[in-house]
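Worksheet for the structure shown next.
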Amino acid sequence: MSATTNWTTSKNDLIKWINESFKLTITQLEALGTGCVFCQIFEYLYPDSIQSNKIVWKANTEVDYIKNFKTLADAFTKLNISKTLDIQNLSRAKYQDLLDLAIFLKTKYDKQIGKREGYDPIEFRKVEEKKMFLASNKKSVSALKDKTNHESQKIPQQSVLVKRSSSMAQSQRKKRTSTDQIQKSQLSLITEIVNNTEDDEVTKVRKIKQLFI
């Protein structure tokens, strides 16, 4: 790269530099209006000046664009870099503002004495994928908890049904036992009445009838 980057640097040269250096595939300068690429370039120039999770990588609204450019502006201020950023114009992808900022950063890039060893621009951007992965996991865990809670709520109902069923069975057994005992008792009394030789037949029949009243 030439160390004499100036205002005559063409738009195509800037796009080629960004794509090759940061492994991107932008085709027009207006794509920089999201602010996230500028944040990455600045972080490359000044390591740890901007945390990856502070950047809205998948910005698709003006609110997100403004947030990214505010993050960039804060980093400029923190490092005492005297460069005024028109956040409104940049977030609205005003061509001249984007071109001005791109050339400013390209100039600093070309003047940088040593490049960062082992720097992986794709890995730096992966924070968004990690956030999505964690969000997906949380949903899965939440769904699992809901399922578990739902099933645990069913258990007491099943338990009640089992208890009710058991109670009914016990009650029925008690009734059958009681009925059997009554029948046995009546049968025993009938036998005694029939075997009583002191009563006549009419008296025996009367006594037996009284057992069932």
**Prompt:** Applying 1/(1 + (r/R0)^6) with R0 = 25 Å to the Cβ-Cβ distance of residue 16 and residue 127, what FRET efficiency is obtained, to the nearest 0.05?
**Reply:** 0.45
**Message:** Taking 0.36 nm per residue of sequence separation and subtracting the Cα-Cα distance, how much length would be gained by fully extending the chain between residue 195 and residue 107, in nm to one decimal?
**Reply:** 18.8 nm
**Message:** Just to confirm the filter: which GluC sites (Glu not before Pro) across the stretch 37-131 are DSSP coil and have at most 10 other Cβ within 10 angstrom of their Cβ?
**Reply:** 117
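Any read-out appearing in this document is the output of simple, stated calculations on the displayed coordinates, not a laboratory observation. Everything numeric here is computed off the predicted structure, so don't read it as measured data. With ideal geometry, Cβ positions are generated from the backbone for all residues, glycine too; neighbour counts draw on all protein chains shown.
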